[in-house]
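I have placed the structure first, in the form of structure tokens, so that the comments after it can refer back to it.
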Amino acid sequence: MTYGESDRPEPGGNDARAAAKERARELRTLHRKQERRRRLVLQLSILGGAIVVIAVVAVTLISMNQAPARGPLNMASDGIKIGADLKAERTPGLAPSATPVPSEPTEPGVIDIRIYVDYLCANCGTFEANNAEQLRTWVSSGAATLEIHPIALLTTKSAGTQYSLRAANAAACVAEYSPDAFFDFHGALFKNQPEEGTEGLTDEELLARATKAGATDTARIKTCIEKKRFASWVQAATVRALNGPIPNADIPAVTTAPTIIVDGKRFQYTKDFDPKELAQFVTGAAGDNFAATPTPSPSASEAPASAP
């Protein structure tokens, strides 16, 4: 060995070249991993976008194939009109976002009575208890028509069960599938009426009362009640009643329940809901009608004989 020469390997020697090759191999491996990761992310992004597109298309197709929600049959006015023999007038269902169609005027001499009720409302229950029998007599005989508007003012007052809304929906279901049983079902909802703040009747109990009231299409009524088919209509009808206008009435909107309108005039009841007060009010309304088209007095031959 010559003096002055170093024992270390020269730069560019075998060890340096081996280290450089190893470093290059590591870089190639890292690059391949990064490239695979980039392609995976890209593929997942494309797949995710495709899934979103498929979901949007599916929802669109489902929406196109579903009939738009409508109101119940026989309640185009947002109420159901009951006439002679307690038969309900037939009307089409209210189209989505459509304006309710006021009921046709009653025949001369027939009193038009409209009521707006919440089935959880205690005052509504008292009015029904005190006036149901005379209303039944007037309507079944053809002396008056009764148009019942179920609304849901107390939806939040039933321990989270939304009974007010569910009961009005059940009434709409009966109007749709068994309209001639509506009058009796309406009355049945006030029998042993649930108190405000309680859970109210269950769906099964609502169906049982509909069946007992004479509803016949119970299978479809059951599904209608359980699925709350007309809940959105009830909410919309309630808003319409509160915002007005109330057609053919001397009030702009409903402010409380019950609201009773007789031949376009609001009946101002007292806290006792005395049936005599309603009878007097109805008689006064009938008098106005007869004043416009007076009824001829009976002739002497038609006059009743005097009592012996």
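A few notes on this one:
- Residue in region 95-115 that is open to solvent by 50 Å² or more (accessible area, probe 1.4 Å) and under 16 Å from Asp184 (Cβ atoms) present: no
- Residue match in region 281-289 (condition: acidic (Asp, Glu), open to solvent by 10 Å² or more (accessible area, probe 1.4 Å) and either in a loop (DSSP other than H, G, I, E, B) or touching a Lys or Arg at 6+ places or on another chain (Cβ under 7 Å) (or both)): no
- Scanning region 133-156 for residues that are free of Cβ contacts under 8 Å to residues at least 60 places away in the same chain, open to solvent by 20 Å² or more (accessible area, probe 1.4 Å) and under 24 Å from Pro102 (Cα atoms) gives Arg136, Ser140, Ser141, Gly142, Ala143.
- Any hit, region 254-261, residues being without any contact (Cβ under 8 Å) to a residue 60 or more places away in the chain, open to solvent by 60 Å² or more (accessible area, probe 1.4 Å) and closer than 23 Å to Gln134 by Cβ: no
- Going through (1) within 14 Å of Ser77 (Cα to Cα); (2) in contact (Cβ under 8 Å) with a residue 24 or more places away in the chain one by one, Gly244 falls short only on (2).
- Test: Glu128 is over 15 Å from Leu201 (Cβ atoms) and in contact with a Phe, Trp or Tyr (Cβ under 6 Å, 6 or more places away or on another chain): yes
- Residue among Ala159, Ala171 that is more than 13 Å from Ala122 (Cα to Cα), open to solvent by less than 10 Å² (accessible area, probe 1.4 Å) and either assigned to a loop (DSSP other than H, G, I, E, B) or among the small types (Gly, Ala, Ser) (or both): Ala171
- Of the residues making up region 232-253, those that are crowded, with 20+ Cβ neighbours inside 10 Å, touching a Pro at 6+ places or on another chain (Cβ under 8 Å) and in a helix (DSSP H, G or I) are Trp233, Val234, Ala237.
- Helices (runs of 4 or more DSSP H) fully within region 179-231 counting 2 or more residues that are open to solvent by 40 Å² or more (accessible area, probe 1.4 Å): 203-212, 218-226
Table: residues versus (1) touching a strand residue (DSSP E or B) at 6+ places or on another chain (Cβ under 8 Å); (2) modelled with pLDDT of 95 or more; (3) more than 26 Å from Ser164 (Cβ to Cβ); (4) of a type in the set (Gly, Ala, Ser).
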position	(1), (2), (3), (4)
Arg38	no, no, yes, no
Gly48	no, no, yes, yes
Ser77	yes, yes, no, yes
Ile80	yes, yes, no, no
Ala88	yes, yes, no, yes
Val110	yes, yes, yes, no
Leu120	no, yes, no, no
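The values are calculated or read from the model by the stated rules, or taken from the named source; none is laboratory data. Owing to the predicted nature of the structure, the values given are computational and were not obtained by experimental measurement. We place every Cβ from the backbone using ideal geometry, glycine too, and count neighbours over all the protein chains shown. For accessibility, only protein heavy atoms count, side chains too; no ligands or nucleic acids. Shrake-Rupley method; radii C 1.70, N 1.55, O 1.52, S 1.80 Å.
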